[in-house]
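Shown next, in structure tokens, is the structure this report addresses.
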Amino acid sequence: TARTPYPLDWKEQDLLFSELAPHLKAMALFKVNTGCREQEVCKLQWDWEIPVPELGISVFLIPADFGGRFETSGVKNGEDRLVVLNSVARSIISSQRGPDPVWVFAYKGGPMARMNASGWRAARRRAAQKWEDLYKRPANAGFSTVRVHDLKHTFGRRLRAAGTHLEDRQVLLGHTNGSITTHYSAADLSKLLTEVEKLAHSAEEAP
């Protein structure tokens with residue numbers, strides 16, 4: 001059954017992420033700053049990184065047929081997926097360089113099958129308990145059962161709150177890439193970068 005999405009607020013994000021193992025925390029931080037799907041993070045490859053010298057950054061272009069959890073899976077809308085990195089996501093990518101020549105988020109010599117496993121579920125239980133201890137009331141039911149996919153909803157909600165136009169949100173969430181995929185310009189990317197960077201600044205300002 002479809003569950004109501006539960007975007008995290010900043011306090012909830014801090015509590016949850018502080019309970020995650022380091023490799024999961026890096027993946028979750030990347031996810032909440034890029035809007036990638038779980039499998040797009042698990043299977044992210046260095047070969048998909050494209051330098052954008054004009055902006056002094058790189059982006060990732062995930063092939064439409066990258067595989068996902070099953071051989072036949074791929075990017076949900078069937079198009080290559082552009083991933084624009086804000087400063088938080090870029091710092092995570094920098095910290096992942098070196099250990100594995102293929103997988104960005106390698107774990108025990110290969111890609112993780114999924115993020116939503118026992119480690120995630122134990123962390124959200126502890127985070128909900130921490131919330132109750134801190135605020136003297138039970139955590140929201142959505143928080144105590146928060147899913148990995150809710151990080152994508154959190155990204156989308158924050159973009160909307162930051163005033164990002166629908167068309168840019170659609171591209172950043174991977175819902176549509178239009179012509180950007182095949183011949184994106186530095187100007188296009190610069191505009192998208194400005195939008196995702198708003199979320200990085202919000203992280204610094206959050207209580």
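No lab work stands behind these numbers, since they all come straight from the coordinates. For clarity, every value in this text was computed on a predicted model and none was experimentally measured. Cβ atoms come from the backbone with ideal geometry, glycine included; neighbour counts cover every protein chain shown.
The structure shown yields semi-axes √(5λ) of the Cα gyration tensor in Å, and of the options (1) 34, 19, 17; (2) 27, 20, 16; (3) 33, 19, 13 that calculated value carries the label (2). Amide H contacts for Q45 (H built 1.01 Å from N in the peptide plane; partners 5 or more residues away or on another chain; cut-off under 5 Å): V104. Amide H to amide H distances under 5 Å link I50 with V59, F60, L61, where only residues 5 or more positions off or on other chains count and H is placed in the peptide plane.
Pairs K31/K136; K25/K198; K43/K108; K11/K152: which are spaced more than 19 Å apart, C-alpha to C-alpha? Those over the limit are K31/K136; K25/K198. Amide H to amide H, which residues 5 or more places from D65 or on other chains are under 5 Å from it, using H placed in the peptide plane? Residues meeting the criterion, in which the H sits 1.01 Å from N, are V75. For the stretch 86-146, the dipole from Cβ point charges (+1 on Lys and Arg, -1 on Asp and Glu) about the Cα centre works out to 160 debye, to the nearest 20.
Distance between the pseudo-spin-label points of R97 and K130 (7 Å out from Cα toward the beta carbon): 3.0 nm. Build a GNM of the chain with springs between Cα atoms under 10 Å apart, and of A64, A139, A187 the one that fluctuates most is A187. Given their separation in residues at 0.36 nm each and the Cα-Cα distance between them, Y107 and A141 gain 9.2 nm when the chain is fully extended.
When only Cα pairs under 8 Å and 6 or more residues apart are kept, what is the percent relative contact order across the chain?
Details: 300 pairs, mean separation 64.1, N = 207.
The normalised contact order for the chain reaches 31 percent.
What ranking, highest mean first, results for peptides 82-95, 125-138 when packing means the other Cβ atoms within 10 Å averaged over each residue? Intermediate results must be reported in sequence, preceding the final value.
Details: 82-95: 19.0, 125-138: 13.9.
Averaged packing, sorted descending, gives the order 82-95, 125-138.
Most tightly packed first, judged by the mean number of other beta-carbon atoms within 10 Å of their residues, the peptides 108-120, 40-52, 148-160 read 148-160, 40-52, 108-120.
With a simple spin-label model that places each label point 7 Å from the Cα along the Cα-to-Cβ direction, the separation between R157 and H23 comes to 2.9 nm. Taking max minus min of the alpha-carbon positions on each principal axis, the stretch 1-40 gives extents of 30, 25, 18 Å, largest first.
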